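Computed from the coordinates by the stated procedures, all read-outs in this text should not be read as laboratory data. The model shown is predicted, which means the values in this text are computed figures rather than measured ones. Cβ coordinates were reconstructed from backbone atoms using ideal geometry, including for glycine residues, and neighbour counts include every protein chain displayed.
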Amino acid sequence: MTVYLVRRLLQALLVVLAMSLIVFIGVYAIGDPVEILISPDADQIERERAVQALGLDLPLWQQYAVFLTKALQGDLGRSFVYNEPALKLILQRMPATMELAFGATIFALIIGLPLGLYAGLRPNSRFSRVIMASSILGFSLPTFWVGLMLIMVFAVYLGWLPSTGRGDTGTLLGMQWSFLTWDGLRHMAMPALNLSLFKISLVIRLTRAGVRETMLMDYVKFARAKGLSPARVTFVHVFKNILIPVVTVVGLELGSTIAFSVVTESVFAWPGMGKLIIDSINVLDRPVIVAYLMLIVLMFIAINLIVDLTYSMLDPRVRLESKGT
Amino acid sequence: MGNLRKLALAAGTAFIGLSAHGALAQSVTMAVAAPVTSLDPHYHQLSPNNAVADTIFDKLVNTDAKSNNLPGLALSWRAVEPNVWEFKLRPNVRFHNGNEFTAEDVAFTLQRLPNVPNSPSSFAAYSRPIQSIEIVDPLTIRFRTAAPHPLMPLDMTNVRILDRETHQNATTEDFNAGRAAIGTGPYRVVSHRSGDRIEFERNDNYWGDRAPFQRVLYRMITNDAARTAALLAGDVEFIDQVPTSDLAKLRQDNRIALSETVGLRLIFLGLDHLRQANENSPFITDNDGKPLGKNPLQDVRVRRALSMAIDRKAIVDRVMEGAAVPAGQFLPEGVYTHVPSVTPPAFDPDAARRLLAEAGYPQGFRIQLNGPNDRYVNDARIIQAVGQMWTRIGVRTTVEAQPWTTFVGRAGRADFSSHLIGWGSNPDGSHPLRNILATVTREKGWGSSNRGRYSNPRLDALLDQSLVELDEAKRVQLVIEAQRIAAEDVAVIPLHIQTNIWGMRRHLAHDARNDELTRAQDVRPAAR
Amino acid sequence: MSDAVIPGKIADKVETPFRRFVSEFAESKVALGALVVFIIITLLAIFAPWITPQNPYDLAELDIMDGRMEPGTVGGAGFTYWLGTDDQGRDMLSGIIYGLRISLTVGAGSALIACLIGASLGLLAAYAGGRTDSVIMRLVDLQLSFPTILAALMILAFLGKGIMNVVIALVLVEWAYYARTVRGTALVERRREYIEAAQCLALPTHRVLFRHLLPNCLPPLIVVGTMQVARAIALEATLSFLGLGVPITEPSLGLLIANGYEYMLSGKYWISFYPGIALLITIVSINLVGDQLRDVLNPRLKK
């Protein structure tokens, strides 16, 4: 087990390194940050000064070497745009995105699980068909479009919720959280819902599929035959079994929500990490992009590790490491 | 009856607007499109940053809404010798922290400009002509230059003045955190959440007109539709960069008022002047897609034909929904360096076809028009419309739009045969001349945005003269003449000059600025 | 005698897997209807140039003077714009039918290629284990944490604009989902008796992989697959919204929606509403067909 973890850790390091290298080359290929950042009326002398100031006058491999040396000392570089440490910028914006992602996940479970359960238990009822058909909406409508629709309905026409922004925040563990205030929660509702649409559909479909399979399993049939109440069969036997894949997938989805809620954060002017990464990509703010993606890849590795560990604990048939083969 | 009800309804909403606002008349919430990236006024030369800096700080020379120079922290200025400018400073001005403003602060500021670490686009160009600074007395300062520098006052409209005492060791981070964002301007910073919002409070000791509101919340909402929606929902009371697609609707909405003015940003097409007449231009072929063996854009008749083929009025009416004026040059009417004899080229497809035939292209040719799709108002739509019009005179056009990120580098390397781009000018014609039309010359700092590599010795000579001409009337004539030559030679194809538009709830009024800056001090309660 | 023949005939029919498949599929009227709709959509897309009144890709046929006309207006070219026009004077009906082509190509194309690559790699990872597994799965980690926008920008910088390049960007983003799904299922399946039996028989690896392991991983793969087709089409719309999608003169449904998005507040609903409806019908029909396929193919749902 320890050997396994150590090996995974080493692999993680390699992946992070690979990520930083890809981003370096990628940004270099996309364009020149100075061309984008510099004032259009800057003359050639000023342009050269800016290139030098940002350390872009060195050959790419040297820039990378400089970056690695500093990274080993815990310095991931300063943003070209904000002139602040990239890591600090990212961490500043993290709470906003975290709470949005968790909010969306909670929405997905609250709405998705019951509907999926129903659709799985009564696959042929009319309501189930409606559920399944409308769940398709969740992943076929473009997020930006749904976002604007939500704003138009709930903010412009009905006036129930504030249209955009993050509202008041409260302090917890030295960070600013908006779920601690009523105003903050009101601001969170729409973007979280917008972000959860895809997840709701996902949960509905996974739950339904799981329920339908489990209901045909021998132990469920046996439980029913024993005369257990349908409610007990459903909620104890079936539910326990389907929760595992649902939680796995939702966990993985949580990862990508934290990483890339780019569109939602843009439409709702939500000052989170997704907004930061899209803004940074647009101006090729390389230090922020590199630092950001290194963090994200670490997060995904961690999530996947947890998933693998869970798998092996739940299903002894899956061995952690097959040696020799 | 119907009208009466409408009237009553309008009065009702107006009343609600007033009463709801009566309680809050002391504050206003604004939303701008472009995020402010730093409160350090010398870190990054970027419009949104400049707009906020103008709220917190002052310059020696301020500008009014039409970009005319106004006394700012300097009361007056003149060239006492050909190479020496003298600025008389305003007495009794204090910074937000109570420190007094003196000539020392001006000298400190000019020394700081080239020394802001990591700056991606500094203000150093404005202090570079100055060889030495002489403090005559606490309220008089002199700048000595190597050559006569008629543009000194204009340069000073870009330099926000800091306090030597406060800012001696201030870093960009200190400014961003609000600690060091201390100026002499009409509002002071209360708090700043990067990329999200800035809170301002009135500076009660301001030397000029008292700021209209006690508090201002300055938010950033990048998405166009979301910004308009926030205004309609009443979450914000004022927005900038109103999308043209929403104009028609907002104009009919009696809760909303708009303020607008013709701006200083020309949208134009740059053409490939780099490839010589006998070379292939990268995106031009004959009608069968084979290389042409020559660059037709070197022929002024072809350039003129392409310009005449464009129905500028149609683009303004249909694509820009009226939020622009057709243009034949960089600056709009009413600006002192506008060329009176140059009018927007008339739309004449038949004459364009004749010119093409005369130039040896009776069957036209094929061209690709490139452009950004996230930079200028309706940029991707404009190139499609131009593509339609060029195709109609026989120049079969494909269009390609891409994000500014990948576009700007390629345009800068003169990779394109024709491209759409914009230029936000200052009101002096020397600005576009130097940057876009002058021959690329590193030592002079010319042509750094001359992406088509246009070169015309006559224009260069006139520009050279104008840059050292201290007689303002003569200088303006030189600048006008150089611009006229460029227009006649179709150095670039001007399309239109954008109209700057702000939207607000009816209880507010705003002085529309032609330099596009959205400054908190320009928003005030509407006169009742 | 007749009694003996008829069951024999039925038994014959039941024996061909294809017939059984067809009859089981046809059990659901909804799925059958969806299949018909899907076929009609595909035919429309294929024969677009012969049905539409306008070639929406030819700039010469567009006129901005006809821009943003309401549905039912007769334009300068003499025909009626039944669904209105967009800002360039593009007939929405023609635009939608042509857009279907692009969206289907992009959506189905990228999903198919991604599925092939992802499923193969996922199978391989599960079957081979060890170092192969580690390398592939770390690649998946890397891919999942790489933003689509950055990938699309890089491809744009390397290869330029084009429909194929959008497909490549989407494949690059999506293969990891398939790989992960297939590996997860295959890890469980490969421990089952039938695989061990196949291995005992010393069948060649590719035969075990594709004839035995793959079919049992199909149900989840189809779930992911049909969802990913829809997701790919929606993702392409998002890329278009960010200016990274298909070329502006060859709009997909997604790009049409993204273009019309700006007119939503101004009441010119048709510019994004009708392409939205078309997109919805397409995706719903694909998914209904996919759902039924999954149920039919799932060995564990057999009664």
Task: Extension reserve of the B:ASP374-B:THR441 stretch, reckoned as 0.36 nm per residue once the Cα distance is removed - done: 21.1 nm
Task: Partner chain coverage, peptide A:262-272 - average Cβ within 10 angstrom - done: 5
TODO: Distance between Cα centroids, segment B:229-279 to segment B:167-223: provide it in whole Å.
DONE: 26 Å
Task: Neighbour-count ranking [beta-carbon atoms within 10 angstrom, fewest first] of B:SER455, A:SER125 - done: A:SER125, B:SER455
TODO: Restrict the search to segment B:172-246; then list the trypsin sites (Lys or Arg not before Pro) that DSSP places in a loop and that have at most 12 other Cβ atoms within 10 Å of their Cβ.
DONE: B:ARG210
Task: chain A: angle of helix A:286-314 to the longest principal axis, Cα-based, in degrees nearest 10 - done: 20 degrees
Task: Efficiency of FRET between A:LEU5 and A:LEU91 - r from beta-carbon atoms, R0 30 angstrom, step 0.05 - done: 0.70
Task: Leading residue at positive end of dipole, the protein assembly as shown (Cβ point charges), from A:VAL307, C:PHE18, A:ALA225 - done: A:ALA225
TODO: Alpha carbons only, please: Rg and Dmax for the protein assembly as shown, in angstrom.
DONE: 32.3, 126
TODO: State to the nearest 20 debye the size of the charge dipole of segment C:30-301 about its Cα centre, where the only charges are +1 on K and R beta carbons and -1 on D and E beta carbons.
DONE: 1240 debye
- [ ] May I ask for the distance between the Cα centers of segment B:431-448 and segment A:72-86, given as a whole number of Å?
- [x] 34 Å
TODO: Specify which residue in the list C:SER134, C:GLY78, C:PRO49 is farthest towards the positive end of the charge dipole of segment C:30-301, using unit charges on the beta carbon of Lys, Arg (+1) and Asp, Glu (-1), about the Cα centre.
DONE: C:SER134
TODO: Kyte-Doolittle cut-off -1.0, length cut-off 18 Å along the helix's own axis using Cα: show which whole DSSP H helices in chain B pass.
DONE: B:2-24, B:379-392, B:472-488
Open item on the list: I'd like the distance separating the alpha-carbon centroids of segment B:452-479 and segment C:15-46, in whole Å.
Closed with: 74 Å
- [ ] Between A:LEU14 and A:ARG224, with labels modelled 7 Å along Cα→Cβ, what's the label distance in nm to one decimal, could you check?
- [x] 4.9 nm
- [ ] Give, in nm to one decimal, the length gained when the segment between B:ARG458 and B:SER191 is fully stretched (0.36 nm per residue of separation minus the Cα-Cα distance).
- [x] 90.9 nm
Open item on the list: Restricting to DSSP H runs of at least four residues, report the calculated mean residue ellipticity at 222 nm for chain B, -39500 (n - 2.57) per run over all residues, nearest 500 deg cm²/dmol.
Closed with: -8500 deg cm²/dmol
TODO: Beyond 26 Å between alpha-carbons counts as too far, so tell me which of C:LYS161/C:LYS268; A:LYS199/C:LYS161; B:LYS66/C:LYS268; A:LYS221/C:LYS29; B:LYS444/B:LYS474; B:LYS313/C:LYS268 fall in that bin.
DONE: C:LYS161/C:LYS268; A:LYS199/C:LYS161; B:LYS66/C:LYS268; A:LYS221/C:LYS29
- [ ] Go ahead and estimate [θ] at 222 nm for chain A from helices alone: -39,500 (n - 2.57) per DSSP H run with n ≥ 4, summed, over the residue count, rounded to 500.
- [x] -23500 deg cm²/dmol
TODO: Would you mind working out the magnitude of the charge dipole of chain B relative to its Cα centre, with +1 at each Lys and Arg C-beta and -1 at each Asp and Glu C-beta, to the nearest 20 Debye?
DONE: 1080 debye
TODO: Kindly rank B:509-519, B:168-178, A:162-172 from highest to lowest mean number of other beta carbons found within 10 Å of each residue.
DONE: B:509-519, A:162-172, B:168-178
TODO: For segment C:186-280, calculate the relative contact order in percent as a whole number, restricting contacts to Cα pairs under 8 Å that are 6 or more residues apart.
DONE: 16 percent
Task: Ranking of A:ARG232, B:ARG506 by count of other Cβ atoms within 10 Å, fewest first - done: A:ARG232, B:ARG506
TODO: Sticking with the crude label model, points 7 Å out along Cα→Cβ, report the distance from C:TYR194 to B:ASN205 in nm, one decimal please.
DONE: 8.6 nm
Task: Over chain C: helical MRE at 222 nm, DSSP H runs n ≥ 4 each giving -39500 (n - 2.57), nearest 500 - done: -23000 deg cm²/dmol
TODO: Report, in order of residue number, the helices in chain C meeting two criteria: a C-alpha extent of 27 Å or more along the helix axis, and a mean Kyte-Doolittle hydropathy of at least -0.5; treat each whole DSSP H run as one helix.
DONE: C:92-128, C:163-189, C:214-241, C:270-297
TODO: Could you tell me what percent of the DSSP beta bridges with both partners in the protein assembly as shown are antiparallel, to the nearest 5?
DONE: 80 percent
TODO: Extending each Cα 7 Å along its Cβ direction at C:ARG211 and B:ALA473, get the distance between those two points in nm, one decimal.
DONE: 10.0 nm
- [ ] Calculate, in nm to one decimal, what B:ALA177 and B:ASN68 gain on full extension: separation in residues at 0.36 nm each, minus their alpha carbon distance.
- [x] 36.0 nm
TODO: Equivalent ellipsoid semi-axes for chain A, as square roots of 5 times the alpha carbon gyration tensor eigenvalues: give them largest first, rounded to whole Å.
DONE: 43, 28, 16
